[in-house]
1. From the phi of every residue in the stretch B:118-127, what ³J(HN,Hα) in whole Hz does the Karplus formula 6.51 cos²θ - 1.76 cosθ + 1.60 yield, where θ is phi - 60° and glycine or proline is x?
2. How big is chain A on each of its three principal axes, counting only the C-alpha atoms and giving the largest first in Å?
3. Restricting attention to the alpha-carbon atoms of the stretch B:165-284, what are Rg (one decimal) and Dmax (integer), both in Å?
4. What distance in nm separates the simple spin-label points at B:Thr181 and B:Ser229, each placed 7 Å from Cα in the Cβ direction?
5. Go through A:Lys6/A:Lys229; A:Lys12/A:Lys114; A:Lys97/A:Lys189; A:Lys8/A:Lys97; A:Lys142/A:Lys199; A:Lys114/A:Lys142 and tell me which ones have a Cα-Cα distance over 22 Å in this structure.
6. If you average over every viewing direction, what projected area does the convex hull of the Cα atoms of the stretch A:98-183 give, in nm²?
7. Mind checking the alpha-carbon convex hull of chain B and giving the volume per residue in Å³?
8. With bins 10 Å wide starting at 0, give me the P(r) of the stretch A:155-237 over every alpha carbon pair, in whole percents.
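Readers should treat all values here as calculations from the given coordinates under stated rules, not as data from a laboratory. Values in this document were obtained by computation on a predicted structure and should not be read as measured data. Note that each Cβ is placed from the backbone with ideal geometry, even for glycine, and that neighbours are counted across all protein chains shown.
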Amino acid sequence: MKKSNKVKLKTKDINLFYGSVHALRDVNMDIPSCSITAIIGPSGCGKSSLLRLFNRMNDLIPIARVEGDVLLDSTSIYDKNTDVAEIRKKIGLVFQKPNVFPMSIKENIMIGPKHHGIRNRAALDEITERCLEQVSLWGEVKDILGKSALELPAGQQQRLCIARALAVDPEVILFDESCSALDPESTMKIEELMLTLAKKYTILIVTHNMEQAVRISDMSAFLMIDENKTGRLVEFSRTTEMFSNPQDKRTEDYITGRFG
Amino acid sequence: MVKKIKENFSGIVFFALALSSVSALVLITVFIFVQGIPLIASAGLSNFFGMDWSPDRGMYGITPMIVGTASVTLGAAILGVPIGLCCSIFMAEFAPSWMKKVFRPAIQLLAGIPSVVYGFWGLTFIVPFISKYLGGLGLSILAASVVLAIMVLPTIISISEVSLIALPRQYKEGALALGMTHWQTIRSVQLPAAKSGIVAAVILGLGRAIGETMAVIMVLGNSPALPRSILDPVRTLTTNIGLEMGYASGEHRQALFATGIVLFAVIMILNITAQYITRKKVKK
């Protein structure tokens, strides 16, 4: 697997609270650029919450409060002068279930770039083709671009969602258990796609599937709740290391399937 | 055995009661048509859809009333739809929960005010206002449009708001995750996705405007002639019936039923359209 030393995302003592519930405590991670980082851990340990911290989707939850900061390159994501829309443009998110918009395939791709100021028809057509090509969907849908995206099968819808995220030219893409609602064949296609994308983009995935983490990720982060039900980062290391020689007893128990 | 008889008996009772409400629709429809159709047949379509409404001379032209209904409804739509839609967007997307707790019952209360009160308010407030600042008598299309615009707000707001709230949360999250702003998300994703519900809201609201009689009678001036401006008085299909039914007899009376047929047809078309649109949404 490729090596990269440049840090793309850095969390600095991130703490997340939902009202009075302390959901994540003191998470510190240096996520290398152009790699795949898998966030693993038992249900309810705050994996998705952590992932959504990176593009501030937790802003949508009124009771959520964040302490600490995340740096994208050297830009603070939680600075109060940060343009949240700009951060989300740079850090895309693919959801657990495909969430194509109820409009045509083409409009699904074009809606992002359009709102970021690209008006030129030819440029939008070019983006549509390039992004669908990137997710290997172009050949399958090029004759039905005007059809409603809701008519596609789930696997294709999810790849369309990835293409839609790519269309706004992000630097980081977050995948929130994006294969869990798909059949094995579609999952395989998306895993291959993630590996290709990791050459250019920094990728973070949340997954329940240990094999998936081993198959595709460079780095792994293992999260678990402590006795106060607060999520903590137990171990963060190269995936090969974590799965061959876990440093923490809890990690070992989890990846060998003793709980979770 | 006794239990079974009881079961059957209550089934029959409920069926009979259910049937009575449906049969009310059938009876009213049949009655209106039986009363109205002979007049249309004997007077002829060119008379009935003519310009001149003078029952004492055997002229039953309802075109001015159709124009009247169309113009006050259009006016109510122009004033009421943007306000109602903005209000529903505000309620669904921006209002803090304490504000929703105040606004929602307030808007529902708006629907509960008797229409004669709206008319009275229009007559003592809107009509003099128009007369003073825009000229004319004040009894006008504009006055009726303003009153109707307020009356259709509860329908438009509540149905549009529900259709916005009912959208899957994933649409909004997906759009925000692309770096779209909240307003861009509303405009480009949520409103188009809720389109069928919003269209249904507007149609049902306008159905209410078309059917409204009492409030309109009080502020419209009620002259059965073609209007030349929005400051002119007109008469609508409903007010035509409301004003004259009390003393009409014979052909005149039948002509009012015939007016009812036209009204009935318009409302039916609107309701069927609204049902068709909402059903299409569910299927998708």
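1. Ordered by residue, 3J(HN,Hα) equals 4, x, 5, 5, x, 5, 8, 10, 5, 4 Hz.
2. Answer, in whole Å and largest first: 54, 42, 33 Å.
3. Answer for the stretch B:165-284, Rg first and Dmax second: 21.3, 69 Å.
4. About 4.0 nm separates the two model spin labels.
5. A:Lys6/A:Lys229; A:Lys12/A:Lys114; A:Lys8/A:Lys97; A:Lys142/A:Lys199
6. Dividing the Cα hull surface by four gives the mean projection, 5.5 nm².
7. Residue-normalised Cα hull volume stands at 211 Å³.
8. 15, 47, 27, 10, 0
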